[in-house]
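Everything on this sheet refers to the single structure shown next.
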């Protein structure tokens, strides 16, 4: 993993330590750009550098190393949050952070209308909340699917409330007349759900300033960058939340597995680096078969807690069944990054006990979420995670993290076999 393009993917429900891993890969100066290939402003990738700490949301996690960020067409861009993150990075000593950002013109815009609608829907679900971050991610994707739809149609199990328009993109920010038309349609469409409160005029001005502050590029930017240097593709969330492979309805509207990165590379080779903690975590509602309050108490979390929309921070033992499932969803791995190696007294579930006997892999079922609810994890001690994971996954551990600081992360060169 010390040369060539690398795709960094979380193998859990998010929060595996992807940000610190990307930062570690960027520290030797070999990386030309960090490419974000999914998600949006809901990402929260932590990098700690002594007295400095930043939670990367839309900026790539190589920023403290001076590595530029490309937000690809698969990223949902929220300019207001990006500007706020830029100010936070400037306060940490990063000079003019927005100069490091390039955005694909075709990337969808997440607006205050999407955010408000997302929160209104999640509030209406009450105790049946999906565990949304409340950042408008799913709403941005959903609205982009409505071309040609009419009021009353059902799209992805949600009723179309009015007449939709074309979805606004980053490229529209430099075209005020086009942007205004799209935002006017967006405001009218969502008014029955969220009311009238956001000024379209103000948004047009803000987004025009955003287009002036960052570089907006055409869709061939990855092609240009990939021919001139080494890229690290930084995934957001975890494969167990993937829109295809996750456990519905507790999923993200995003391709977390490497398929977007591979599409952007257009056939160029890249190695996939899967990131896992030595124990399992997730935010909010959804399955967590090995959940154990004792794990939560033993390993306090500095940068995660209860989110207003995500829900509570949860933890459990390492789950080899879900790990195998995530690796299969990635199409295999070339290496592992293992974080939180400072945790002690670990256990692992190598299998589940079910009414039909013990299973080591998830069977093909129409409702895997319901299947997980009936499983009992079969736990055993995990004394030395690195060699165990290498044997279990059949790939080398390339990056290790033994603490929260970037100084606790090391990149290892695997011995050729």
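Side notes on the structure shown:
- Those helices (runs of 4 or more DSSP H) lying entirely in the stretch 318-395 with at least 2 residues farther than 16 Å from residue 276 by Cβ and touching a helix residue (DSSP H, G or I) at 6+ places or on another chain (Cβ under 7 Å): none
- Unique residue being in a helix (DSSP H, G or I), more than 17 Å from residue 69 (Cβ to Cβ) and out of contact with any strand residue (DSSP E or B) (no Cβ under 7 Å at 6 or more places or on another chain) when the list is 246, 267, 205: 205
- Any hit, the stretch 397-405, residues being more than 14 Å from residue 277 (Cβ to Cβ), in the same structural domain as residue 46 (by TED's automatic domain parsing) and outside any strand (DSSP E or B): no
- Among the candidates 178, 101, residue that is out of contact with any helix residue (DSSP H, G or I) (no Cβ under 7 Å at 6 or more places or on another chain) and at pLDDT 95 or above: 101
- Residue that is surrounded by the most Cβ atoms within 10 Å (Cβ to Cβ), among those in the stretch 336-357 that are at positive phi and modelled with pLDDT under 95: 345
- Test: residue 157 is over 13 Å from residue 79 (Cβ atoms) and over 27 Å from the mean Cα position of the chain (by Cα): no
- Residue 67 vs. criteria part of a strand (DSSP E or B) and either over 21 Å from residue 407 (Cα atoms) or at pLDDT 95 or above (or both): no
- For residue 224, the test of being on the phi < 0 side of the Ramachandran plot, assigned to a helix (DSSP H, G or I) and out of contact with any helix residue (DSSP H, G or I) (no Cβ under 8 Å at 6 or more places or on another chain) is passed.
The values are calculated or read from the model by the stated rules, or taken from the named source; none is laboratory data. None of these values were measured; they are calculated from a predicted model. Using ideal geometry, Cβ is built from the backbone for each residue, glycine included, and neighbour counts are taken over all protein chains shown.
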